[in-house]
Amino acid sequence: MPQAPQNSLYRIVKSDIGLRPPALTNACGMEIIMIKDLLHTPEGVRDIYNGECASKLVLQSRLHDVCSRYGYNDIQTPSIEFFDVFSKERGSVPSNEMFKFFDRYGNTLVLRPDMTPAIARTAAKYFADTAIPLKLCYSGNTFVNVNKYYQGKLKENTNIGAELIGDSSIEADYEIISMVIDCMKNSGLKEFQVEIGNVMFFKGLLKEAGISGDEEEELLSLIQDKNYFGVEELLDDLKIDSNISKVLLELPQMFGSVEVLDKAKQLTDNKECVASIDRLLQLYELLKITGYDKYVTFDLGALSNHAYYTGIIFRAYTFGTGDAVINGGRYDKLIGQFGVDKESIGFSITVDGLMAALSRQNIKVPVDIAGSLIVYLGNCTLKAIQMADILRKNDINVCMIKENSSLTDEDYKRYASESQLKYIIRLNNDDNMYNVINVTDNTTAMYSDEEILKIQR
């Protein structure tokens with residue numbers, strides 16, 4: 001029988017013509033699948049395992065703790081939604097960046113690219129008659145089919161966020177920004193900045209200038225990119241009022257401390273623009289009460305491709321990543337598109353981006369190293385089961401592995417470390433004294449049954 005190539009792993013699948021394995025030739029209907037091709041993930045997604053996975057789960061827990069401290073209740077929405085929930089009218093992700101497919105009835109479905117419209121849908125469906133503001137938090141994955149993997153952008157990201165629904169007050173803005181700052185602090189970051197803007201400043205100028213449609217989108221993109229010369233060229237082509245043009249031209253450079261807001265107020269008497277600046281100044285005064293003003297800067301050129309934002313908009317940045325790790329803002333009109341008017345504000349944390357930033361700053365997410373790896377010989381199976389049972393009933397993590405003569409202590413140490421286990425307990429005799437290795441400090445000692453339980457408590 002011909003031999004499979006030695007340089008690749010292959011799986012030989014039985015032919016449909018019978019149970020007897022056919023000859024290893026295509027002519028005989030052999031299906032040969034290269035297993036190595038099945039080991040890879042699609043572009044833009046990745047596996048997370050061992051210590052990294054443990055750290056990510058701890059980080060998610062710490063972020064969720066912040067939401068809980070502010071009184072936010074958990075909500076889960078499906079990963080699969082109807083396409084219309086995220087359509088262009090909702091102002092979410094562009095259609096060509098969604099993963100779309102059809103159900104058996106011909107409905108167009110998508111893997112959710114954005115959490116906020118999904119939360120808006122649930123708020124309109126389940127909480128339409130709720131008078132008290134809703135405080136909801138979530139954790140889930142989003143899927144965006146972007147062609148930017150070469151820039152390190154993933155197509156699947158874990159998001160944690162919060163939404164304050166049915167509250168238009170400045171106090172709601174303050175609470176959300178405070179939560180963002182607390183999330184950044186609770187992640188372990190020491191240096192970060194929250195950039196805050198107000199899209200109504202930009203929209204007020206557009207309305208006064210009569211700019212809309214494609215021209216609005218192009219101008220928005222240029223301002224987001226801080227492309228001063230691109231903005232200048234476009235404004236020259238539009239031939240709008242020179243005073244408005246002057247202010248729009250300033251937008252890419254209108255960022256920094258609170259003094260930026262004072263400067264902006266001097267540039268225009270547009271009512272919407274002035275009101276948007278006043279809102280930011282009020283927010284700043286509230287942040288000063290808790291000392292959180294030191295974490296914020298202002299950027300009136302901070303805009304978004306998510307068209308549902310209607311007021312304050314913000315992004316949180318830190319070293320080690322070019323993208324914002326937290327995005328959010330006010331979306332007073334979005335839930336109304338689902339039939340219920342509720343002014344709202346919220347934020348979303350890209351956990352994977354935050355993890356990358358922490359790693360590049362050499363900030364370790366503390367993972368609890370505890371529990372034991374029991375390595376036992378076959379004649380000690382009963383004792384191993386009894387010991388594991390006692391430890392587990394005392395809320396101690398235990399992993400059991402039958403001893404393999406081809407493995408060394410170093411192999412077991414490495415396995416225990418990757419599994420976040422502190423001790424290796426070796427059972428290789430019938431007496432009541434056991435060789436215990438402390439993986440964290442690489443020490444070895446003999447302990448009795450009672451002592452093993454005691455040291456792990």
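Read the figures in this text as sums done on the coordinates, not as results from a lab. Here the structure is a predicted model, which means the values were calculated and not measured. So basically every Cβ, Gly included, is an ideal-geometry build from the backbone, and we count neighbours across all protein chains shown.
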Val398 long-range amide H proximity, modeled H, under 5 Å: Ser372
Förster radius 45 Å - calculated FRET efficiency between Asp65 and Lys402, Cβ distance, rounded to 0.05: 0.70
17 Å Cα-Cα reach of Lys190 towards lysines, excluding residues that sit fewer than 8 places from it in its own chain: Lys294, Lys364
Residue pairs, from the table Lys100/Lys342; Lys56/Lys393; Lys422/Lys454; Lys88/Lys342, whose Cα atoms sit over 25 Å apart: Lys100/Lys342; Lys56/Lys393
Efficiency of FRET between Asp74 and Asn442 - r from beta-carbon atoms, R0 56 angstrom, step 0.05: 0.85
Rounded tilt (10° steps) of 381-393 against the dominant C-alpha axis of the chain: 30 degrees
Global geometry of segment 47-195, whether rounded, prolate or oblate, following the gyration tensor of its Cα atoms and the 1.5 cut on a/c: oblate
Length-normalised contact order of the chain in % [C-alpha pairs under 8 Å, at least 6 apart]: 14 percent
Mean projected area (nm²) of the alpha-carbon convex hull when the chain is viewed from all directions: 32.4 nm²
Full-extension gain in nm, Asp237 to Asn379, via 0.36 nm per residue minus C-alpha separation: 42.5 nm
Scattering profile of segment 372-456 at q = 0.10, 0.23, 0.25 Å⁻¹ [log10 I(q)/I(0), Debye over alpha-carbon scatterers]: -0.20, -1.21, -1.45
3J(HN,Hα) from dihedral phi, segment 109-121, Karplus parametrisation 6.51/-1.76/1.60, rounded to Hz, x for glycine, proline: 10, 9, 6, 4, x, 7, 7, 4, x, 5, 5, 4, 4
Under Karplus coefficients 6.51, -1.76 and 1.60, residue-wise ³J(HN,Hα) of segment 189-205 in Hz, glycine/proline x: 5, 9, 10, 7, 9, 10, 8, 10, x, 8, 5, 5, 5, 5, 5, x, 5
Calculated from backbone phi, Karplus (6.51, -1.76, 1.60) coupling profile of segment 295-302 in Hz, x at Gly/Pro: 8, 10, 10, 10, 9, 6, x, 7
Degrees, to the nearest 10: 170-186 long Cα axis against longest axis of the chain: 30 degrees
